[in-house]
Each structure stands twice: as structure tokens, then as C-alpha cells.
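Just so you know, all these numbers are worked out from the coordinates, no wet-lab data involved. For clarity, every value in this text was computed on a predicted model and none was experimentally measured. All Cβ positions, glycine included, derive from the backbone under ideal geometry; neighbour counts span all protein chains shown.
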Amino acid sequence: MFEFDQYLGFLAFITIVSMGFWLMFLMLLVVIPYWVVGALIERINELLEERKAKK
């Protein structure tokens with residue numbers, strides 16, 4: 001049937017794939033939206049400061 005080395009290799013493969021999946025999940029749902037929203041807020045604040053400086 002299966003040897004112990006094959007079982008350890010399978011566990012290592014599943015662990016690495018699972019870690020990659022959860023890191024991608026975290027990036028797509030938390031990190032990237034945080035980055036985009038922060039950049040938008042910063043840009044809006046810059047535009048508001050430019051308007052105040054013109055007046």
C-alpha cells in the first residue's frame with residue numbers, strides 16, 4: 001500500500017498548498033482592499049488640500 005515516506009510527502013504537499021490558499025485568501029480579502037482604500041483616502045485628502053490652497 002503506502003509507505004510512511006509517501007504519507008509525509010503528501011502531508012507536506014497538502015500543508016504547503018493550504019498555506020498558499022489561505023495567504024491568497026487573506027491578500028484578496030484584507031490586504032489589497034486596505035491598500036486601495038488607504039490610497040483613495042490619501043488622494044481625496046490631497047485634492048481637498050489643493051482646493052483649500054487655491055481659495
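Structure values in brief
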item	result
The stretch 1-24 residues that are in a loop (DSSP other than H, G, I, E, B), paired with ones that are of a type in the set (Phe, Trp, Tyr) and surrounded by 10 or more Cβ atoms within 10 Å (Cβ to Cβ) (beta carbon under 7 Å, 6 or more apart)	none
Test: residue in the stretch 46-55 that is without any contact (Cβ under 8 Å) to a residue 12 or more places away in the chain and not in a helix (DSSP H, G or I)	yes
